[in-house]
Amino acid sequence: MGQKSTENTPQQNIGLRPDQILTLFKFYEEAAEKTKSHAWSQTTWILTLNTGIFAFSLNFYAEHAAVRAYLLIELFSAGVGVVLCGFLVYLLQELGSHISRYWTSSNQIAANYGPLVRFIDKSDAVAARKSDYCAPFPKFCRRLKFLAILFLIAHVGWSLFMVYQYCA
């Protein structure tokens, strides 16, 4: 009856010294940033490779469309592009999940230690104090997955066009 609710106020003591709390908070924030950097880097490389595959495929079609065996090479290159895009979607899902977990941990640490509360949004601080809190999946990962799916659709569309051209 006389206990004060701590759900909306930061707790000063979570069992660690202040320097340990700061180190732990920095660890999760830096891990999230490194993972975010990996996501951008992997996406850049894989989509650049996909663009090269498209360029090769278009060039090959322009130069060898009269040769009947071109379809096999076109389908192989489209298959490689589809596999790369599928891998990228999977990779972004995994990296986004890791980033979300890192953000969850850092927000919970910051929300429960007064001096760090100012480093997160007020709404995140209130939400992070709840036991079932989970940071949202990163929006940039969703956008990058969408871009990878567009490349995947382009590869499938191009291969269907090649089959149509071959059969016509």
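The values are calculated or read from the model by the stated rules, or taken from the named source; none is laboratory data. Being a predicted model, the structure only gives us computed values, none of them experimental. With ideal geometry, Cβ positions are generated from the backbone for all residues, glycine too; neighbour counts draw on all protein chains shown.
Structure data summary
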quantity: Answer residue from region 70-93, given it is more than 15 Å from G52 (Cβ to Cβ) and of a type in the set (F, W, Y) and is surrounded by the most Cβ atoms within 10 Å (Cβ to Cβ) among those; calculated: Y70
quantity: S5 being in a helix (DSSP H, G or I) and either loosely packed, with under 14 Cβ neighbours inside 10 Å or modelled with pLDDT under 95 (or both); calculated: no
quantity: Hits in region 118-144 (condition: assigned to a helix (DSSP H, G or I) and crowded, with 20+ Cβ neighbours inside 10 Å); calculated: D124, A125, A128, C141, L144
quantity: Candidates I73, I109, filtered to the one that is touching a residue at least 60 places away in the same chain (Cβ under 8 Å) and assigned to a helix (DSSP H, G or I); calculated: I109
quantity: Count of residues meeting criterion [among the β-branched types (V, I, T) and surrounded by 16 or more Cβ atoms within 10 Å (Cβ to Cβ)] in region 147-163; calculated: 0
quantity: Selection status of L92, at pLDDT 95 or above and in contact with a Lys or Arg (Cβ under 6 Å, 6 or more places away or on another chain); calculated: yes
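Each row is one residue, and each column tells you yes or no for (1) closer than 18 Å to I153 by Cβ; (2) hydrophobic (A, V, I, L, M, F, W, C); (3) touching an Asp or Glu at 6+ places or on another chain (Cβ under 8 Å); (4) assigned to a helix (DSSP H, G or I).
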site: T35; (1), (2), (3), (4): no, no, no, yes
site: A39; (1), (2), (3), (4): no, yes, no, yes
site: I46; (1), (2), (3), (4): yes, yes, no, yes
site: N50; (1), (2), (3), (4): yes, no, no, yes
site: A55; (1), (2), (3), (4): yes, yes, no, yes
site: L58; (1), (2), (3), (4): yes, yes, no, yes
site: E63; (1), (2), (3), (4): no, no, no, yes
